[in-house]
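Worksheet for the structure shown next.
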Amino acid sequence: MDIFMFLFILLCIVGFISKYFDSTLGLGYGTILAPVLLIGGYSVYRVVPAILFSEFVSSAITAVLHRLAGTISSDPESKDFKVSAILSTMGMIGAAIGVSIAVSFSEMIITVYVALTVIITGSLVAQRYRWNFTYRRVTMFGLIAAINKSLSGGGYGAVVAGGQILSGRKSKKAVASTATAEAVTTGTSYGLYILLERTTLSLDLFLQLEIPLLIGAVLSAPFAAYFVNSVKAKRLIPTVGTAAVMLGIYTIFNTLVQNIVAGIIAVIIFLMLFAVFTRVSVKIVKTKEVEDLDEKE
């Protein structure tokens, strides 16, 4: 087996696993895949468009399969339809903002941003970040997540689907609604990257990254649609978050740190900052829950 075929199969497997988690838990594809590919030596301007392209196709297929399976309703008056419509609209707006930012900064800055997004998103997920469901919050988080998605390739499902699941919404409905909106968000983002000439439609390039990722992602869709009803999402979400944090940390040090001494110092400083961030995040979440309870009373 030559090196090309080995990498092709390996990327198919990575795409399959990442998309399976994404389609069953509503998070994990870009959040896990982006740092893995960056660590593998790919440029951020290859990684992000490739993830967006493969996720656009696979998310669209996943959304259709969920609809055919009756997971969500297409009734304009239903909660499923309203959530999907809001997230899709915010997805297009966020995509335009995110891509505009991406093409305005250097590759290193965008790479570091991707890693930081993965770390922050992963830490929120690992802590079982919770937000009570309201349409106003769906709109706000949908816009923020779409900007992050178009910039980093990740951070969408973790915030949108993960937040809905932890807020008490049925996991299969949260995942299905998110898949629909994510297809719109990633499709818009990828189209803008092409228009702004940050990526090109080339078969040779596609065979190196986009096609194997897409094959793996598409193959996972029917499995994910079938198993989404039996997966105990709340138990698995923190594990995915923890893995994302570790990958994000490694990506930052792999990008910025050039020697062992500097690496050790950076690790110590980062761990201290992360500990503070964790404590503050927990307090914010607890305070928010108390405020929401007070509002209800």
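The values are calculated or read from the model by the stated rules, or taken from the named source; none is laboratory data. It should be emphasised that the depicted structure is a prediction, and the values quoted were computed from it without experimental measurement. So basically every Cβ, Gly included, is an ideal-geometry build from the backbone, and we count neighbours across all protein chains shown.
Quick notes on this one:
- Tally, over the range 24-50, of residues that are over 10 Å from the mean Cα position of the chain (by Cα) and under 22 Å from THR251 (Cα atoms): 16
- Of all residues in the range 196-226, those satisfying the criterion of being charged (D, E, K, R) and assigned to a helix (DSSP H, G or I) are ASP204, GLU210.
- Unmet requirement for ARG136, which otherwise passes all of (1) in contact with a helix residue (DSSP H, G or I) (Cβ under 9 Å, 6 or more places away or on another chain); (2) modelled with pLDDT of 80 or more; (3) not hydrophobic (A, V, I, L, M, F, W, C): (1)
- Checked against the criteria, SER100 counts as surrounded by fewer than 16 Cβ atoms within 10 Å (Cβ to Cβ), in a helix (DSSP H, G or I) and at pLDDT 80 or above.
- Filter result for ASP80 (assigned to a helix (DSSP H, G or I), within 13 Å of the chain's Cα centre (by Cα) and in the same structural domain as GLY157 (by TED's automatic domain parsing)): no
- Number of positions in the range 54-69 that are crowded, with 24+ Cβ neighbours inside 10 Å and either touching a Gly at 6+ places or on another chain (Cβ under 9 Å) or not assigned by TED's automatic domain parsing to the domain that holds ILE249 (or both): 4
- Here SER74 passes the criteria (1) closer than 17 Å to GLY155 by Cα; (2) more than 17 Å from the chain's Cα centre (by Cα) except the one numbered (1).
- Selection of first residues in the range 184-209 that are in contact (Cβ under 8 Å) with a residue 12 or more places away in the chain and of a type in the set (Lys, Arg) and of second residues that are surrounded by 10 or more Cβ atoms within 10 Å (Cβ to Cβ) and not in a helix (DSSP H, G or I), restricted to Cβ pairs under 8 Å at least 6 apart or on distinct chains, gives the following pairs, ordered by first then second residue: ARG198/VAL103.
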